[in-house]
Amino acid sequence: MSTPFSFSLAATDGRARTGVIDTPRGQIRTPAFMPVGTAATVKAMLPESVAATGADILLGNTYHLMLRPTAERIDRLGGLHKFMNWDKPILTDSGGFQVMSLASLRKLTEEGVTFASHVDGSKHMLSPERSMEIQKLLGSDIVMCFDECPALPAEDSVVAASMRMSMRWAQRSRDAFGDRPGHALFGIQQGGVNQDLRGESAEALTKIGFDGYAVGGLAVGEGQEAMFGVLDYAPDMLPQDKPRYLMGVGKPDDIVGAVARGIDMMDCVLPSRSGRTGQVFTRHGVVNIKNARHADDPRPLDEDCSCPACRNYSRAYLHHVFRSQEMISGMLLTWHNLHYYQELMQGMRDAIAAQRFDDFVTVFHGLRAEGDIERL
Ligand SMILES: [Zn+2]
């Protein structure tokens, strides 16, 4: 007998919320940050290392996996969890966003999108029905509705037409998903930076009914101020008793600002991608390990961080292996970045539970304003 999918709020502080999503594959503590495992791997990390950083859930990309190695092959091999050796929950996106950003020869109609693969030019089609089929073949625990979103800034009429099609696709996604106990389907609110359109979208989704709701169509070029402007009202248009997921966000201060506005889940490639380009996130802000100032520095990246990169290696070593393009560089820096993100989430969960989230935010910004430790 499997546990059904459910969400329970444990505490709120202002608009910030903390709680737990229960799934048959384990609990997801919220607010939750989901590392991105694009091609069935969080690049440079073993799955057990990702779990050791504190991640309860990963994100997998439908677009990438449908092209290579294909959803059908993953299904034949026992599903995505078994394939990539990750037994905790997995959320998959619908493929819609990446088709629009990565594929070529796209043709968008009411039915769906046809496109050419960026890998080998082969022709493919995604629709609400096909996206639901692929995400089921992958064995995803949290399935996202197939939607479409225009890059911002865009005319209101363009945003409105796109949002209304996404709402028709949301209904088709719901119908195609069917009844799958223990698996969740999330709707995605659209409407750009227009409050009326966001309201219309939230109403349409709530009427259909989903296990969780995403605030979509942000972090697509509008900037932090405009994004926070939307988050000032958009999450509260969605049901209180369901998880709210902000897609594709973000930098640490985006995440803290989003949680302050009532967001429960986020994902971003930033900590893993930055780990491979020498950009390190710390409590004191961003450190660029390729900078020559680290070449003779025997100190850790962050003396209070308990990750392997900080516990066992100097800035000088991390600088050296980055400059030498050694693989361990991406491994250690990605581990540190993911560890930092998960520690940030744990800090917020604790602070919300203790009703001291404002103090947490003040300390967070204060430490960042101080900047990195003095150079030697
Ligand atoms: Zn560290």
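Read the figures in this text as sums done on the coordinates, not as results from a lab. Just so we're clear, the structure is a prediction, and the values are computed from it rather than from any experiment. Counting neighbours? That spans all protein chains shown, and the Cβs are built from the backbone with ideal geometry, glycine included.
Taking a cut-off of 14 Å between Cα atoms, list the aspartates and glutamates near K88, but don't count ones fewer than 8 places away on the same chain.
Hits, sequence-local ones excluded: D22, E48, D56, D141.
Note down the net charge around L197, summing +1 for each Lys or Arg and -1 for each Asp or Glu among other residues with Cβ under 10 Å from its Cβ.
Values: positive: R164, R198; negative: D156, D196, E200.
Summing Lys/Arg as +1 and Asp/Glu as -1 gives -1.
Taking every DSSP beta bridge with both residues inside the chain, roughly what % is antiparallel (nearest 5)? Let's see the in-between values first.
Details: 23 of 45 bridges.
Among the beta bridges of the chain, antiparallel pairing accounts for roughly 50 percent.
How high is the FRET efficiency between I373 and D350 when r is their beta carbon distance and R₀ equals 22 Å, given to the nearest 0.05? Please report the intermediate quantities before stating the final value.
Working: r = 25 Å, r/R0 = 1.14.
Using R0 = 22 Å, I get an efficiency of 0.30.
How big is the charge dipole of the chain about its Cα centre, in debye rounded to the nearest 20, if each Lys and Arg gets +1 on its Cβ and each Asp and Glu gets -1 on its Cβ? Working shown, then result.
On the way: 39 positive and 46 negative charges, 198 e Å.
The dipole magnitude comes to about 960 debye.
Nearest 500 deg cm²/dmol is fine: what mean residue ellipticity at 222 nm does the chain get from its DSSP H runs of n ≥ 4 alone, each adding -39,500 (n - 2.57), divided by its residue count?
After summing the helix terms and dividing by the residues of the chain, the value is -12500 deg cm²/dmol.
Along the Cα-to-C-beta direction of E110, a point sits 7 Å from the Cα; which residues of segment 188-213 have their amide N less than 16 Å from that point?
none
Using packing as a proxy for protection, rank 338-344, 309-315 so that the peptide with the highest average count of other Cβ atoms within 10 Å comes first. Don't skip to the answer; put the middle values down first.
Numbers: 338-344: 22.3, 309-315: 18.6.
Result, highest mean Cβ count within 10 Å first: 338-344, 309-315.
What do you get for the angle between helix 195-208 and the principal long axis of the chain? Use alpha-carbon atoms, 0 to 90 degrees, nearest ten.
70 degrees
Tell me the angle of helix 327-353 to the major Cα principal axis of the chain, expressed in degrees between 0 and 90 and rounded to the nearest ten.
Helix 327-353 and the main axis of the chain meet at about 70 degrees.
Taking the alpha-carbon centroid of each part, what is the distance from segment 45-61 to segment 299-339 in angstrom?
Spelled out, the Cα-based centre of one part sits 18 Å from the other.
Quick one: pull the percentage of alpha-carbon pairs in the chain with a separation above 34 Å.
On the way: 18779 of 70500 pairs.
Taking all Cα-Cα pairs of the chain, the fraction more than 34 Å apart is 27 percent.
For the charge dipole of the chain, defined by +1 on Lys and Arg C-beta atoms and -1 on Asp and Glu C-beta atoms about the Cα centroid, which residue among I142, G212, Y313 has the Cα displaced farthest towards the positive pole?
Y313
Compute all pairwise cysteine Cβ distances in the chain, then list the cysteines with no distance under 4.7 Å to another cysteine.
Cysteines lacking a close Cβ partner in the chain: C145, C149, C268, C307.
To the nearest 10 degrees, how steep is helix 128-138 against the longest Cα principal axis of the chain, on a 0 to 90 scale?
Tilt of helix 128-138: around 50 degrees.
Need the C-alpha centroid separation for segment 204-278 versus segment 6-26, integer Å.
That distance is 16 Å.
Show me the ranking of peptides 232-242, 195-205 by mean Cβ neighbours inside 10 Å, starting with the highest.
Working: 232-242: 17.5, 195-205: 19.5.
Answer by packing, highest mean first, reads 195-205, 232-242.
Can you list the aspartates and glutamates whose alpha carbon is less than 18 Å from that of K136, not counting same-chain residues fewer than 8 positions off?
Filter leaves E72, D75, D87, D93, D147, D175, D179, D211.
Of K43/K123; K107/K242; K123/K242, which sit over 32 Å apart, Cα to Cα? Before the final figure, lay out the partial values.
Working: K43/K123 27 Å; K107/K242 34 Å; K123/K242 37 Å.
Violating the 32 Å limit, Cα to Cα: K107/K242; K123/K242.
With springs connecting C-alpha atoms under 10 Å apart, model the chain as a Gaussian network and identify which of P271, P252, P69 has the largest mean-square fluctuation.
Fluctuation is largest for P69.
Any idea what the dipole of segment 275-364 comes to, in debye rounded to 20, about its Cα centre with Lys/Arg Cβ at +1 and Asp/Glu Cβ at -1?
Values: 10 positive and 10 negative charges, 62 e Å.
Here segment 275-364 has a charge dipole of around 300 debye.
Among 85-97, 174-186, 362-374, how do they line up by average Cβ neighbours within 10 Å per residue, starting with the highest?
The peptides rank, most packed first, as 85-97, 174-186, 362-374.
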